[in-house]
Structure formats: structure tokens, C-alpha cells
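Undergrad: Just dropping this structure here.
The values are calculated or read from the model by the stated rules, or taken from the named source; none is laboratory data. All of these numbers come straight from a predicted model, not from anything done at the bench. We place every Cβ from the backbone using ideal geometry, glycine too, and count neighbours over all the protein chains shown. Note: accessible area is taken over every heavy atom of the protein model, side chains too, but ligands, DNA and RNA are not part of it. Shrake-Rupley method; radii C 1.70, N 1.55, O 1.52, S 1.80 Å.
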Amino acid sequence: MRTALIFSLLLPLLAWAADPIPVTVKPLSELAIYPQLEAPATVVSINRSRLSAEIRALVTEIPVQVGDAAKKGDVLVRLDCTDYRIGLRQAGAALDAAKAQRRLAEYRLQRAKALAKSSNVSEELLLQREVELTALKADIRAKAAALVSAEENVRRCEIRAPFDGIIVSRAGQVGELAAPGNPLIELQDVSGIEVSAQIPGSYVASLWNAPEILFQDDGTTFPIGVRVIIPIRDPRARTQEARLVFENAAAPPGAAGRVLWRSGQAFVPPGLVVRREGALGVFIAEDGQARFQVLPNAQEGRPAAIDLQLSTPLVVDGRVNVSDGSPLRVE
């Protein structure tokens, strides 16, 4: 009697449970979103050089000011070159004298060889003449090297721009003594520039594959492209540095903004994500039943990446009432 009563009470519930649940479905292609991703970035110069003297001399002229543009090869600083020009003339004179001595030694050796044929010169004297000529040739090579060094010192009396750039600071002053290693001029490259961005590790693949990447600075956007993503990850920030180049117009060095791109990975809106048995995912309509698809990296309240074909039908309305394996009635 009691069993029959319980069965009569459960029968409507069992019938209800077996009834298909009304839902609406849409293909993933209609629901997928491709969120815009971003990362902090700064425009950096490839070259920013602090130029110093290579010799010790007085500064006689600095023909540039902060903010001036300089072309590669322009003179930025002139040093007092009096002593070095004197050294150059001395080195040239010493080389000429050594060459003259070599001509005399060559004549003496030839004379000694001629006399040796008639046994009028000893072997010791002949050997002495050969040694004298060899020593003079070595001396000429040393004096030629000294001349090159003196020419180089004279060249160093002018500090020239190693690349096109802008003068960003001027530490040297006319009349002060310049010493090697002490910066006199700071020059910043304005044509060789890149964007340096810190990319979260999970975004690296999407940045590589992004069809369009922009650098945004104060509301202005510039098209850019990836040059390289450095394969080293910061263990604390969990980011990798990407270097990107401007495709057309460029932002000025030092500009701080953001790199923007759209993910090529399909995401589902956060409203479609439901929790079942502690996992987050979406419901797929498959053969008249609901199948729960877990999304491993999903977070509540945020779009979730999904790796399914765009034709996959997802349960939209009625998803909160279904469980894995529930029969469905698509409306």
C-alpha cells in the first residue's frame, strides 16, 4: 500500500524528468566574440649614445644645442688639436728619415755583395749590412704604424654624429678639459625606433597570429608589426618582451601607450558560461541531448576561450535548466 502510494507520487516527477527541456540553440559562429587584447608599451630608440672624447684635450667648440637635429657625420664637438697635429708631423718626419736610411742601407748591402765576389769584403761585414737593412725595414713598419696612430688622434679631435638623431643633452662646455670616457653630448636616434611591449605569456600566440596590431598613444593609433618576441619570460610578471616596428608613421621616442590587437581565438560571452559539478563550460546540443563542454581556462564573469568548430550548436535560452545528458526540444 505504502509502495503504491510513493510510486503514484513519483510518477508525475519521473514523467516530467523524461520530458525534453525546451531550449534555443545557435551556432558558435553567431555567438563567438574575438576580444581586443592589449599590453603596456613604450616607444624606444634603437640607439641613444652618450658621446665622449677618445683623447685628452681642451674643448674649443660645440656647434650644436639641445634639440638640434644632426646627420650622420656632422661635427658635434671640436677639440684643441695643436699637440696632436705636431705629433702627426713628427711621425711623418720620422718615417721619411727611416726610409732614407733604408735606401742607404740597401746601397751598402749591394756594394758589399759586389765586393764579396772578389773576396774584398769579409763575410762578417756582409752579414752586418744585411742585418742593418732588416732592422731598418722593421723600424719603418713601426714608424708607419706610429704615423697611422697620429692620424687617428687628429681625426679624434672632432667628435662626429654616428647616426642621424636629436641632441638630447649637452654635458660638455667650451674651455673645459675633455677626457676619455666623460660624456660630452647625448644623441638619440629618431629614425631607428621600435615599440617595446610586455606581453602576458598567455597572449603571445595570439599576438604572433594577429592580422592587425596597433600602438595607441593619447588617442592616436599607429599600425605596427611584430619584429620579434623574446623567448625569455619574466618569472615575476609572467610576461615576455615583444619588439614591434612601425609600418608607416611613427610615434615619438619615449611615448608610452598600449599595444592593441584582436585575438584570433574564438571566445564565448560570459553569459553563456554555466557551472556544473564545480566546472565551468557551455552546453552543446547533440543528437537531441545536452552535452556539457568544459572550458578549462574559463573564469566567471569573463569571456571564455573555446576550441570548437564554428558550426557547433550551443544551447542559449534554457541552458540553466539542463544537465549533461538532458533531452532537449529545440524551439
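Undergrad: Residues of the range 240-280 being in contact with a Gly (Cβ under 7 Å, 6 or more places away or on another chain), assigned to a strand (DSSP E or B) and open to solvent by 20 Å² or more (accessible area, probe 1.4 Å), which ones?
TA: Gln240, Val245
Undergrad: Looking only at the range 162-206, which residues are under 17 Å from the mean Cα position of the chain (by Cα) and exposed (fewer than 13 other Cβ atoms within 10 Å of the Cβ)?
TA: Ser191, Gly201
Undergrad: A further question follows. Can you find, within the range 74-88, the residue that is nearest to Ser149 (Cα to Cα) among those that are open to solvent by 30 Å² or more (accessible area, probe 1.4 Å) and within 40 Å of the chain's Cα centre (by Cα)?
TA: Asp80
Undergrad: Tally the residues that are buried (at least 17 other Cβ atoms within 10 Å of the Cβ) and not in a strand (DSSP E or B), restricting the search to the range 292-307.
TA: Going through the range 292-307 one residue at a time, the tally reaches 4.
Undergrad: Could I ask something else about it? How many of the residues in the range 311-331 are in contact (Cβ under 8 Å) with a residue 60 or more places away in the chain and either of a type in the set (Phe, Trp, Tyr) or open to solvent by 80 Å² or more (accessible area, probe 1.4 Å) (or both)?
TA: Qualifying residue count for the region: 6.
The rows are residues; the columns are (1) at pLDDT below 95; (2) more than 18 Å from Arg243 (Cβ to Cβ); (3) part of a loop (DSSP other than H, G, I, E, B); (4) not hydrophobic (A, V, I, L, M, F, W, C).
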| residue | (1), (2), (3), (4) |
| --- | --- |
| Ser196 | no, no, no, yes |
| Ile199 | yes, no, no, no |
| Trp208 | yes, no, no, no |
| Thr221 | yes, yes, no, yes |
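Undergrad: While we're here: Would you check which residues across the range 151-178 are of a type in the set (Gly, Ala, Ser) and under 25 Å from Ser45 (Cβ atoms) and list them?
TA: Ala161, Gly165, Ser169, Ala171, Gly172, Ala178
Undergrad: Within the range 114-143, track down each residue that is open to solvent by less than 60 Å² (accessible area, probe 1.4 Å) and touching a residue at least 24 places away in the same chain (Cβ under 8 Å).
TA: Once the filter is applied, which keeps residues that are open to solvent by less than 60 Å² (accessible area, probe 1.4 Å) and touching a residue at least 24 places away in the same chain (Cβ under 8 Å), the range 114-143 yields Arg129, Glu132, Leu133, Leu136, Asp139, Ile140, Lys143.
Undergrad: I'm checking my understanding of the structure. Among residues of the range 1-35 that are loosely packed, with under 12 Cβ neighbours inside 10 Å and either under 30 Å from Ser191 (Cβ atoms) or of a type in the set (Gly, Ala, Ser) (or both), which one is modelled with the highest pLDDT?
TA: Ser29
Undergrad: Kindly list the number of the only condition in (1) in a helix (DSSP H, G or I); (2) open to solvent by 80 Å² or more (accessible area, probe 1.4 Å) that fails for Arg102.
TA: In the conditions (1) in a helix (DSSP H, G or I); (2) open to solvent by 80 Å² or more (accessible area, probe 1.4 Å), Arg102 misses (2) alone.
Undergrad: While we're here: From Leu214, Leu125, which residue is hydrophobic (A, V, I, L, M, F, W, C) and under 30 Å from Thr42 (Cβ atoms)?
TA: Leu214
Undergrad: Consider Val148 carefully, then state whether it is open to solvent by 60 Å² or more (accessible area, probe 1.4 Å) and hydrophobic (A, V, I, L, M, F, W, C).
TA: So Val148 fits the description; yes.
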